[in-house]
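Each remark here refers to the structure printed beneath this line.
The values are calculated or read from the model by the stated rules, or taken from the named source; none is laboratory data. Computed from a predicted structure; not experimentally measured. Counting neighbours? That spans all protein chains shown, and the Cβs are built from the backbone with ideal geometry, glycine included. Each accessible area value is taken on the protein alone, full model and side chains, heavy atoms only, with ligands, DNA and RNA left out. Shrake-Rupley method; radii C 1.70, N 1.55, O 1.52, S 1.80 Å.
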Amino acid sequence: HMIVHDLKNPLGVLLLSLGILQSRTHLPEPQQRLNRQGVRAAHDMKRMIENLLDIAKMEEDKLSLHRTVTAAGQFIEALITRIRESGMIEERTLIFINDAPGVQISIDEDLVRRVIINLLTNAVKHTPSTGYIVVRLDINASNQMAKIAVIDNGSGIAPEYHDKIFEKFFRASNIIKIVTDGTGLGLYLIKVILESSGGKIWFESEYGKGSIFYFA
C-alpha cells in the first residue's frame, strides 16, 4: 500500500503537467500527438497501479462493493463514448450492440467500468489499426444475468495458453497477446473483480482470428 501511494504522487504531477500541455491548442500537431501518447501512457500506468492496490484489497477481503441499479445500455454507451473521445481506440472501429434495451443491472459501476476498459485495452493492443472491436450487451433469460461480450478480429490466443490466461502474473513467453497491461495482472484482476461480486468471465479465441471475452 505504501508503494502504491509513493507511485501515485509523481504520476499525479506528470498527468497534471501533460494536461496543461494538452490544453495549449497552439502547439503544432506533431507535439500534440506526442502529448496525447504521453497522456495515454500515464493513464495506463495509473491503471496498473490501481490494479495492484485492488488485487491486494480483494485478496485480503478488504474491497467494499458499492452497488447501484443502473440502465445497462446507457451505462455502456456512455463509457463507449468516453473511450472513443479519449483516442484509445485510435483508427479502429468500435461498435456497441444492445440486444437487451431497457435492462437494469445491479453493479459496482466503478469496478465494472474498469473491467470493460481493461478488456478493451487488451483488444486494442492485439487488433490491427484497421480492425474492429464490438461490445455486445445481452441477457440470459434463465438466470437474469446480463452478459457483455468484447469481440475483436485481432491476433487471438494460442491454444496452449487457454488454460493459463487468468493466472496471476501469467505472460506468454513469446507474445503479449494475453495481458491487458503488460504485468500479467489485467485478466487476473478482472476475474477477481467479477468473482467477488457474483459474476464470471470466460472466452473463445482462435489463434490468428480474434477473441471474444464474455462476462456476466
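Data table
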| item | result |
| --- | --- |
| Surface share of carbon and sulfur [accessible, 1.4 angstrom probe, percent] for the chain | 55 |
| Charged-residue dipole, Cβ positions (Lys, Arg, Asp, Glu), the stretch 70-119 about Cα centre, Debye nearest 20 | 40 |
| Sequence-distant lysines (8 or more away, or on other chains) whose Cα lies within less than 25 Å of Lys62 | Lys8, Lys46, Lys168, Lys191, Lys200 |
| Over the chain: helical MRE at 222 nm, DSSP H runs n ≥ 4 each giving -39500 (n - 2.57), nearest 500 | -15000 deg cm²/dmol |
| Cα coordinate range in the stretch 1-85, projected on the principal axes (Å, largest first) | 49, 38, 14 |
| Taking the C-alpha atoms of the stretch 81-149, convex hull volume expressed per residue in Å³ | 96 |
| Where the chain is the region considered: accessible area per residue in Å², 1.4 Å probe | 54 |
| Relative packing of peptides 200-207, 25-32, 189-196, 10-17 - highest average C-beta neighbours within 10 Å first | 189-196, 200-207, 10-17, 25-32 |
| Equivalent ellipsoid semi-axes, the stretch 67-216, via Cα gyration tensor eigenvalues times 5, rooted, Å | 24, 18, 14 |
| Modelled label reach - Leu16, point 7 Å along Cα→Cβ, the stretch 31-58 residues with backbone N closer than 18 Å | 39, 42-43, 46 |
